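Working notes, beginning with the structure itself.
The values are calculated or read from the model by the stated rules, or taken from the named source; none is laboratory data. As the structure is a computational prediction, the values presented were derived from the model and not from experiment. Don't worry about glycine lacking a Cβ; one is built from the backbone with ideal geometry, like all the others, and counts go over all protein chains shown. These area figures cover heavy atoms from the full protein model, side chains too; ligands, DNA and RNA do not enter into them. Shrake-Rupley method; radii C 1.70, N 1.55, O 1.52, S 1.80 Å.
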Amino acid sequence: MSVQITALSDPDAGHTNHRLAWLAAEDGIPVGAAFLRLFDAAGQAHLGDLELNVHPAERRRGVGSLLLERAVAAARSEGRRTVVAQTAGDSAGEFFLPARGFRMVLTLIYARLVLEAADLRALAAAVAQEHPGYRLVSWDGLVPEHLTESFAASRVAMDDMPMDDTDYGAVTWDVARVKAAARAVADRGQLLHTVVALNTSDGTVAGFTELVVPGDGTGDGQCYGTAVLPTHRGRGLAGWMKALSIVEAAQRHPRLGGLVTDTAQSNVRMRAINDALGFIPTHQELQYQLDL
């Protein structure tokens, strides 16, 4: 086999990560590629996220192994201790990764809400229900300046999100990272929409949910993080915030087909919230981990 592996320059560098890339080609014809995202922020500098694809007609010829060897070697040279990779259940990756030392650490349940079929009247009624001591606020893009510090502080609500055996590390959020994340979404031509629950006693953010919508308002929106600070849990805030996010998405983006989300199988509480809001499970993705 005369497959050549070529390192590529990848301009997809973020505020907290950068990416390495390789192309596999035979006789000048691409047959596969690998991308290794390396996290640089404190708390995740041990981690690399691998995406590896080989054309179906070229599988079982060693192409994937060559790409994986190059990516793992790069991860080691960058001082990483963990590489994670995600694949669909009953796919080639489910057999490829364990055979090369990866172990399965997390199952993600993907679900979709078809907006045309959503009960918007019931969702609007849920939004209108009072939650004493709290009120909902929403915005597009960058967080309003007067909420910046509080919103950044509220991100720690994600720290105890179920990740099973994944060595994900701890994500440290500050004002700079919050703003950089919003700008990154805008630079991709997408719209970041955020809903928060404010504690009316002091005006601080008690919880948040985020939704990213394609720039042209078509296709599917992607639900990002939803979390409530521990001291404010048990009051129904997560479902309340997500209900408003759905209603506003349907009203403001009438050509949007649906909303998609992924949740750890072990995150029973959030899965129950999604079910109650009308999300229907579509498929599973398996996350594997290689300890270097």
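Overview of values
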read-out: Flag for residue 169 being in contact with a His (Cβ under 7 Å, 6 or more places away or on another chain), farther than 26 Å from residue 264 by Cα and in contact (Cβ under 8 Å) with a residue 12 or more places away in the chain; value: no
read-out: Qualifying residues in region 227-274 (those that are under 19 Å from the mean Cα position of the chain (by Cα) and charged (D, E, K, R)) - the one most open to solvent (accessible area, probe 1.4 Å); value: 269
read-out: Complete set of residues in region 45-64 that are more than 29 Å from residue 158 (Cα to Cα), open to solvent by 60 Å² or more (accessible area, probe 1.4 Å) and either without any contact (Cβ under 8 Å) to a residue 40 or more places away in the chain or of a type in the set (A, V, I, L, M) (or both); value: 53, 55, 56, 57, 59, 60
read-out: Residues within region 132-163 that are open to solvent by less than 30 Å² (accessible area, probe 1.4 Å), over 13 Å from residue 195 (Cβ atoms), in contact (Cβ under 8 Å) with a residue 40 or more places away in the chain and over 18 Å from the mean Cα position of the chain (by Cα), tallied; value: 1
read-out: Test: residue in region 65-73 that is surrounded by 14 or more Cβ atoms within 10 Å (Cβ to Cβ) and more than 16 Å from residue 54 (Cα to Cα); value: yes
read-out: Whichever residue in region 22-44 is in contact (Cβ under 8 Å) with a residue 12 or more places away in the chain and assigned to a loop (DSSP other than H, G, I, E, B) and, among such residues, is nearest to residue 101 (Cα to Cα); value: 44
read-out: Some residue of region 97-106 being closer than 30 Å to residue 243 by Cβ and either at pLDDT below 95 or crowded, with 16+ Cβ neighbours inside 10 Å (or both); value: yes
